[in-house]
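Take a look at the structure set out below.
The values are calculated or read from the model by the stated rules, or taken from the named source; none is laboratory data. Just so we're clear, the structure is a prediction, and the values are computed from it rather than from any experiment. Virtual Cβ from ideal backbone geometry, glycine too; neighbours counted across all protein chains shown. With ligands, DNA and RNA removed, areas are computed over all heavy atoms of the protein, side chains included. Shrake-Rupley method; radii C 1.70, N 1.55, O 1.52, S 1.80 Å.
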Amino acid sequence: MLIASYNPAGMGDNLIVLTQQGTEYTFSQQENVVQFINKNEEVIGYNFINISESLDLAHTNGQVFLTEEQVHILNNLITAADFTSTLTVDNTPKFVVGYVESAEPHPDSDHLQVTTTVVDNDERVQIVSGSPNMKQGIKVVVAKVGAMMPSGLIIWPGALRGVKSNGMILSGRELQLPNAPQVPGALILPEDFAPVGTPFDAQSPAAQALFE
């Protein structure tokens with residue numbers, strides 16, 4: 001997993017790179033590289049200070065989709081700072097067309113449902129959803145683990161009322177699509193929108209036209 005964010009107005013000229021979730025951590029700095037380590041002594045991310053000296057991120061604000069060349073440059077910075085862990089490119093799509101194969105009542109909630117959702121031909125994930133229109137047999141947009149939402153929220157593995165949930169079934173409002181209803185409810189895609197597993201681009205003409 002590789003999640004990168006650059007927000008010069010809010011964080012200065014710093015690139016934040018996360019490799020896994022972590023709330024309890026320590027950090028150490030060498031040169032312009034800060035390494036973050038969790039309580040299990042695993043690297044969970046880096047902060048690259050004055051990153052514009054190494055990468056051209058002009059006109060970038062928010063999530064950064066790093067290329068292999070950019071990751072190579074970051075790994076050179078890590079090595080030069082005498083850290084041993086390196087980054088691996090992650091080009092897998094994090095927003096995809098999904099299909100709700102099943103939806104069952106949550107055992108400890110009167111409004112949550114536990115879904116089995118197909119996100120690719122051979123990949124199914126369990127997602128707990130609170131959408132009032134959730135049901136079996138619908139096409140939806142899924143934010144997989146590792147996705148960064150338009151709001152900046154990162155989707156991590158989690159649990160709701162004791163039931164594991166790996167991803168999020170999204171509403172048009174959460175995707176910030178034009179004219180989307182500002183109320184809870186999963187975005188139900190037309191059956192012919194795209195095959196299951198297709199990357200979902202909220203900026204594409206097809207996505208932008210969903211609520212016209």
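Which length gain, in nm to one decimal place, applies between THR198 and LEU153 when the Cα-Cα distance is subtracted from 0.36 nm times their residue separation?
Numbers: separation 45, 0.36 × 45 = 16.20 nm, distance 2.20 nm.
Going from the current span to full extension adds 14.0 nm.
Available extension along the chain between GLN176 and GLU41 is 44.9 nm, counting 0.36 nm per residue and deducting the alpha carbon span. When only the Cβ of Lys, Arg, Asp and Glu is charged (+1, +1, -1, -1), the dipole of the range 112-201 relative to its Cα centre reaches about 400 debye. For the pair VAL89 and ASN76 in one chain, pulling the backbone fully straight at 0.36 nm per residue adds 3.3 nm over the alpha carbon distance. Taking all Cα pairs closer than 8 Å and separated by 6 or more residues, the relative contact order of the chain comes to 16 percent.
If you run the Gaussian network model on the chain, springs between alpha carbon atoms under 10 Å, then out of LYS164, LYS39, LYS144 the most flexible one is LYS39. Using a Gaussian network model of the chain in which every pair of alpha carbons under 10 angstrom is joined by a spring, one finds that among THR92, THR19, THR84 the greatest mean-square fluctuation is at THR84. Dipole check for the chain: with +1 at the C-beta of Lys and Arg, -1 at the C-beta of Asp and Glu, and the Cα centre as origin, the magnitude is about 600 Debye. When the range 1-131 is described by a simple charge dipole with +1 on each Lys and Arg Cβ and -1 on each Asp and Glu Cβ, the residue from THR117, THR23, ASN61 located farthest towards its positive end is ASN61. For the range 51-160, the solvent-accessible area works out to 53 Å² per residue, with a probe of 1.4 Å and every protein chain left in place. Model label points for ARG124 and ALA206, set 7 angstrom from Cα along the Cα-to-Cβ axis, are 2.5 nm apart. Per-residue Karplus couplings for the range 187-202, computed as 6.51 cos²θ - 1.76 cosθ + 1.60 with θ equal to phi - 60°, are listed in order as 6, 8, 7, x, 4, 9, 4, 5, x, 4, x, 5, x, 9, 10, 5 Hz, Gly and Pro entered as x. Taking a label point 7 Å from the Cα of GLU24 along the Cα→Cβ vector, which residues of the range 141-170 have an amide N closer than 15 Å to it? Of the residues in the range 141-170, none has backbone N under 15 Å from the label point off GLU24. Given R0 = 41 Å, the distance between the Cβ atoms of THR67 and ASP108 translates into a calculated FRET efficiency of 0.40.
The range 169-205 and the range 59-133 have Cα centres separated by 17 Å.
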